[in-house]
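The values are calculated or read from the model by the stated rules, or taken from the named source; none is laboratory data. Note that the structure is predicted; figures quoted are calculated from it, not measured. Neighbour counts run over all protein chains shown; Cβ positions are idealised from the backbone, glycine included. Side chains included, ligands, DNA and RNA excluded: accessible areas come from the protein's heavy atoms. Shrake-Rupley method; radii C 1.70, N 1.55, O 1.52, S 1.80 Å.
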Amino acid sequence: MLTGSTEEISTYKGQHRALRAGRIGTVGLLLSVLAATAPLMVVAGVMPTTYAVMGITGQPLLFVILAVVMALFSVGYAEMSRHVHNAGAFYAYIARGLGGFTGAGASYVALAAYNAMQVGIYGIFGFEASLLLDTYLGVQVAWWVPALVAVALTGVLGALKIDLNARVLGVLLIIEVLLIVVVDLAFAADPGPSGLSLAAFDPATLSGAGLGTALCFTVAAFVGFEQAPVYAEETSRPQTVVARVMFLAVGCVAVFFALTSWLMSVATGPGKVVSASQEHGPQLLFVLSDARLGGTFTDALHLFFVTGIFASMLAFHNVVARYAFAMGREGLLPARIGRASASTGAPAFGSLLQTVVAFLVVVGFAITDDTPVGDPTTPVLRLFTWLGNLGALGVIVLMALASVAVIAFFVRRGAGAAQGPRLLCSGLAALGLTVIFCYAVADFEVLIGTGDGSALRWILPGVLLVAGAVGVAAALALRARSPESYARIGLGNEAFRLENAAAKSSDQAR
């Protein structure tokens, strides 16, 4: 007869295949999710780049438009989170709605996309950290030195308890937000020659050939809020906490970024924000801050810009580790990766896998870097830009597929009139995301900064296609080898709870 504690029973036959529940609540989850959006990185990097490259002054309105699309997506996605609790989130939802093969393909796309985003961030982190060391300590090091230190530190933190990670992310995020609020207030108090003009919210400012690509640039600012369901197994009330956090995150990101991008245009003057962005690039925020708040505050802004990048790296690392854990648990990756640490309840082997991938990619870019110390070409224009946009493209694909999967899931369950509005929202979200995806693919050479005719415009999106094909092949092999394991794709810990219950019943009968 089986005896022991509830926790022992939950791991019986499952061998720690469940993440530790009750580790993170609404506040901790919200902070972890928002940290992935890297507010300072968006404000200092994405906003000036969008103004400079696209020449569209209506960027604040773009954030409002995208907020509507993301809110539509969140309606169905949040409802799905009440029914499916799996660290695989995107791919689990897609598997439950569209079947095991599609889910398996999506799992590898998710692994490739989030790995690309996470590893790409090491490029900009290494570059900015090396600049800080040179500016304030007079120490010159190549970008890859601090990047590799960050790989090691992220790997260690990623293998620890998620509540500890949430505290680290929370502290760094709160400091970032407070600094940006101070900057916003300074811009509002000392506007440019046009005063507090609302011209940036005029729909006429969105006309032009660059609109689609500008949407692709700004959609990256929202990436992160969709990660909330990844932590569903580690919350005490996933049916309510996950949905609440997603809507809070979308609202916070939309209001915060729309307001800040508007005030940035106010500080320069709406008619000059494009030329100022082209002149100063990512330094625009710091130039405007220095003129209003002084050098000491701007120095602090530089420092927490780097720590904010680190927080984003850690947040994405946690997500990749949990995707890998979920895939290992369901037979799509080696089973060892699908086992949680007995001491911390964290996906330690998934964390290790992501750390190894990051190490190899950073080392690969470092070996091929033939530019002098302090040159941003390899770390920023290649590693960060190429992989970051590849990851964002993959997330757009996953969101569109997940929206379709939500509809299929509830229709198959006999969804009544009560689910009608949610399914309509999911359909509209799928349509909007598909349009954004088409723009992104068509203008991908602009997004990654290569010239016309570059093979990379097809090679990088092709990585996602290959990843999806590998996932389908893995599902085919799994079905041939173990049909019962194939049937568990998307079920997550639910399948092992059923197995454990059956095993307990069998032992009791004996």
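For the stretch 62-164, please list each of the helices (runs of 4 or more DSSP H) lying entirely inside it that holds at least 3 residues being among the aliphatic types (A, V, I, L, M) and open to solvent by 20 Å² or more (accessible area, probe 1.4 Å).
Helices (runs of 4 or more DSSP H) meeting the threshold: 100-132, 144-158.
Regarding the stretch 324-345, can at least one residue be identified that is of a type in the set (Asp, Glu), more than 30 Å from VAL273 (Cα to Cα) and in contact with a helix residue (DSSP H, G or I) (Cβ under 9 Å, 6 or more places away or on another chain)?
Yes, that holds for at least one residue.
Taking the condition open to solvent by 60 Å² or more (accessible area, probe 1.4 Å), within 27 Å of the chain's Cα centre (by Cα) and modelled with pLDDT of 90 or more, does LEU285 pass?
Answer is no for this residue.
Can you confirm whether PHE444 is of a type in the set (Phe, Trp, Tyr) and closer than 17 Å to LEU72 by Cα?
no
Would you mind finding the one in ARG422, ARG382 that is farther than 30 Å from ALA142 by Cβ, surrounded by fewer than 24 Cβ atoms within 10 Å (Cβ to Cβ) and basic (Lys, Arg)?
From the options ARG422, ARG382, the qualifying one is ARG422.
Within the stretch 439-458, track down each residue that is assigned to a helix (DSSP H, G or I) and free of Cβ contacts under 8 Å to residues at least 40 places away in the same chain. Steps first, please.
Step one: of the stretch 439-458, the residues assigned to a helix (DSSP H, G or I) are 439-442, 444-448, 456-458.
The answer is GLU445, ARG457, TRP458.
Restricting attention to the stretch 398-407, does a residue exist that is polar (S, T, N, Q), farther than 24 Å from PHE325 by Cβ and without any contact (Cβ under 8 Å) to a residue 60 or more places away in the chain?
No; the residues of the stretch 398-407 include none that is polar (S, T, N, Q), farther than 24 Å from PHE325 by Cβ and without any contact (Cβ under 8 Å) to a residue 60 or more places away in the chain.
Quick one: in the stretch 342-379, which of the residues that are crowded, with 20+ Cβ neighbours inside 10 Å and among the β-branched types (Val, Ile, Thr) is farthest from the chain's Cα centre (by Cα)?
THR378
Return the residues of the stretch 246-280 that are open to solvent by 10 Å² or more (accessible area, probe 1.4 Å) and outside any helix (DSSP H, G or I); say none if nothing qualifies.
Correct list: PRO270, GLY271, LYS272.
Pick from LEU19, LEU30: which is at pLDDT below 85, in a helix (DSSP H, G or I), out of contact with any strand residue (DSSP E or B) (no Cβ under 7 Å at 6 or more places or on another chain) and of a type outside the set (Phe, Trp, Tyr)?
Criteria check complete, one pass: LEU30.
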